[in-house]
Amino acid sequence: MAVRRLEHVNTRSADVEATRAFYEELLGLSAGPRPPFASKGYWMYLDGQPILHLVQRPAGEAAKPDSGNVDHLAFLGGDRDAMRAKIAAAGLPFRETETQLFIHDPDGLKIEINFTQ
């Protein structure tokens, strides 16, 4: 049997509050229900689905070197000009191509936002 969909991505953040704010304020995800895990964190929702799990990394703990080769997360965007303006207003550096904007979250994870022409 083949997989049916991507369920979620889990990241470990140096500052989970800053990372939550980034995804809420810039990309429009919303923090929602999360089981009562011992670790601090948030489940970030898009269209009612918890697609991104954010977990607070303990102070002084480095990013895990063994968690694979994740290069970026990609989202489908809506209004390219509005997103570009929002990123610029936040003072974040970005790179763009004809159909994409690239930014980095507070933990350095590359975010790709795709736009249809």
Exercise. Hey, does the range 36-58 have a residue that's touching a His at 6+ places or on another chain (Cβ under 6 Å) and aromatic (Phe, Trp, Tyr)?
Worked result: yes
Seminar exercise, completed: Taking first residues from the range 26-52 that are without any contact (Cβ under 8 Å) to a residue 40 or more places away in the chain and closer than 20 Å to Ile111 by Cα and second residues anywhere that are crowded, with 18+ Cβ neighbours inside 10 Å and among the basic types (Lys, Arg), the pairs with Cβ under 8 Å that are 6 or more apart or on different chains are Ala31/Arg20; Tyr42/Arg20; Met44/Arg20
Problem set entry | Test for Thr19: is it among the β-branched types (Val, Ile, Thr), in contact with a Phe, Trp or Tyr (Cβ under 9 Å, 6 or more places away or on another chain) and either surrounded by 11 or more Cβ atoms within 10 Å (Cβ to Cβ) or farther than 17 Å from Glu112 by Cα (or both) | yes
Exercise. Could you count how many residues in the range 79-107 are over 10 Å from the mean Cα position of the chain (by Cα), under 25 Å from His8 (Cα atoms) and without any contact (Cβ under 8 Å) to a residue 24 or more places away in the chain?
Worked result: 4
Seminar exercise, completed: Note on the range 19-73: residues under 27 Å from Arg84 (Cβ atoms) and β-branched (Val, Ile, Thr) are Thr19, Ile51, Val70
For this session: Among residues belonging to the range 34-73 that are among the hydrophobic types (A, V, I, L, M, F, W, C) and either in contact with a Pro (Cβ under 8 Å, 6 or more places away or on another chain) or more than 17 Å from Glu7 (Cβ to Cβ) (or both), point out the one that is surrounded by the fewest Cβ atoms within 10 Å (Cβ to Cβ).
Result: Ala38
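Is it the case, given these coordinates, that Val70 is modelled with pLDDT under 95, aliphatic (A, V, I, L, M), closer than 17 Å to Ile113 by Cα and touching a strand residue (DSSP E or B) at 6+ places or on another chain (Cβ under 8 Å)? Full working, then the answer.
Values: modelled with pLDDT under 95: yes; aliphatic (A, V, I, L, M): yes; closer than 17 Å to Ile113 by Cα: yes; touching a strand residue (DSSP E or B) at 6+ places or on another chain (Cβ under 8 Å): yes.
Criteria met by Val70.
The values are calculated or read from the model by the stated rules, or taken from the named source; none is laboratory data. The structure presented is a predicted model; accordingly, all values stated were derived computationally and were not measured. In this analysis, Cβ positions are derived from the backbone assuming ideal geometry, glycine residues included, and neighbour counts consider all displayed protein chains.
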